[in-house]
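Undergrad: So that we are looking at the same thing, I have put the structure below in structure tokens.
The values are calculated or read from the model by the stated rules, or taken from the named source; none is laboratory data. No experiment lies behind these values; they were computed from the predicted model shown. Every residue, glycine as well, gets a Cβ built from its backbone with ideal geometry; the counts of neighbours run over all protein chains shown. Only protein heavy atoms, including side chains, enter the accessible area calculation; ligands, DNA and RNA are left aside. Shrake-Rupley method; radii C 1.70, N 1.55, O 1.52, S 1.80 Å.
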Amino acid sequence: MKKLIQTIKNIFKIEELSKRIGYTFLLLLIYRLGSFIVLPGIDPMGLAKFQETSSEGLVGLLNMFSGGAFGNASIFALGVMPYISASIVIQLLGVFVPYFRKLQMEGESGRRKMNQLTRYLTILILCIQGPAYVANLHQQVSAEYFVAVNNLHWSNMVFNLVSTIILIGGTMFVMWLGERITDRGIGNGISLIIMVGIIARLPYALTAEIGTKANTGAAGGILMLIVELVVLFLVFVAAIALVQAVRRVPVQYAKRVVGNKQYGGVRQYLPLKMNAAGVMPIIFAQACMLFPLLFSRFDATRGFAATMSNYTGFWYNFVFGILVVLFTYFYTAVTVNPTMIAEDMKKNGGYIPGVKPGKMTVEYLDAIMSRVTLPGSIFLALIAILPAFAMLLGVNNQFASFYGGTSLLILVGVVLDTLQQIESHLLMRHYDGLMKTGRLTGRSGM
């Protein structure tokens, strides 16, 4: 405890780090305040039914990602999921379309161009989702609570148009907040915004679960709640183990003499992570599962949308698990480049014992990554579908989403990543880190 207090003091001794943390908290506070600003022309007193219907199934998951803004009919109701959906499309195009593949290889200029295209595609998606959200509001909220709408047709059109523009602007503003956190805060802006939204829903979910267990009988209900909390802790530990698990490959560095000093001649280990893609595969997979719902006026009771919105159904969880595995391989291939790793080792006089430098090293690293990623992706998929089993065992659907799935893995991945950012600032200035070893393995530890 004394070491933790000293570490916190060290954080505030570093002026740049304390400013970045303060700036990040300020922007996250702005985001949370915006989540409670209702669209102009709607009486907040009439949103009770809409909030109730927005707490179940995939719509409830979308509401959790937005920190409750979806159910509040907020100006930030659509959150950052349209941006994530656009990012998925652009990254997939980078694999199959030569023009986008060329942009990926152009370095910083190509990255800026792809970010700009992602923003344009986000606006296009918002132009579809915005009217769908407003139409869903008209279905779920009584007409008397639309204070700016009357029986005139033009009045309805004006309200719908203004609301759609505000929703588009709200999402673009949230994207801007995320980019500012990434550039001037402690990094991972979009992920931090999603994480804050999830944390904001945890008290509501826990309260709902306590209320459910209280109605089942005093002794039995409390006992079941304790068991659920213990299981939640174990799943949380398993998720941390998944994020940090690595396969260490020995690398021998040859002796080099520069001037009067000798370098190298030692064996080190190259850490290849079982889950090098972090939380991105599960975020991408979840965004894909939301596609049928987002383009069906958020109505999960019709046709294909009904099948893909059954949170505890076989087909939903089967497709979700397969997508998690596929996106894990895809994102690992994008983020981990065996050719670059092999070239870096060769430049620094390093080699893998028993493997020839060059093409053989690239093939060896690629084979190792493929084998390591398979159990990591399967374990990730199992954790992703755990909420469905929790709900089948009687856990409240809001609280069950924290037993795995997107919620838990985002919390674990983003928290470890943020701690690693702070850790790097501390170690660069010769302060003790947040852990006893002075090293914290996060998502980007490779």
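Undergrad: Just in the range 62-158: which GluC sites (Glu not before Pro) are loop by DSSP and have at most 14 other Cβ atoms within 10 Å?
TA: E106
Undergrad: Also: Rounded to the nearest 0.05, what FRET efficiency is calculated for I30 and A241 with R0 set to 35 Å and r the Cβ-Cβ distance?
TA: Details: r = 35 Å, r/R0 = 1.00.
Calculated value: 0.50.
Undergrad: At 1.4 Å probe radius, can you tell me the per residue accessible area of the range 314-366 in Å²?
TA: Values: 3110 Å² over 53 residues.
Ligands and nucleic acids excluded, the figure is 59 Å² per residue.
Undergrad: Which entries in K49/K213; K19/K102; K273/K356; K19/K113 show an alpha-carbon gap greater than 28 Å? Working shown, then result.
TA: Working: K49/K213 23 Å; K19/K102 37 Å; K273/K356 23 Å; K19/K113 30 Å.
Where the Cα-Cα span goes over 28 Å, the pairs concerned are K19/K102; K19/K113.
Undergrad: Classify the range 13-115: rounded, prolate or oblate, from the alpha-carbon gyration tensor (a ≥ b ≥ c, eigenvalue square roots; a/c under 1.5 rounded; otherwise prolate if a/b is larger than b/c)?
TA: Values: a/c = 3.04, a/b = 1.43, b/c = 2.13.
Oblate.
Undergrad: How much accessible area per residue does the range 368-428 have, counting only protein heavy atoms and a probe of 1.4 Å, in square angstrom? Mind dumping the intermediate values first?
TA: Working: 2040 Å² over 61 residues.
Ligands and nucleic acids excluded, the result is 33 Å² per residue.
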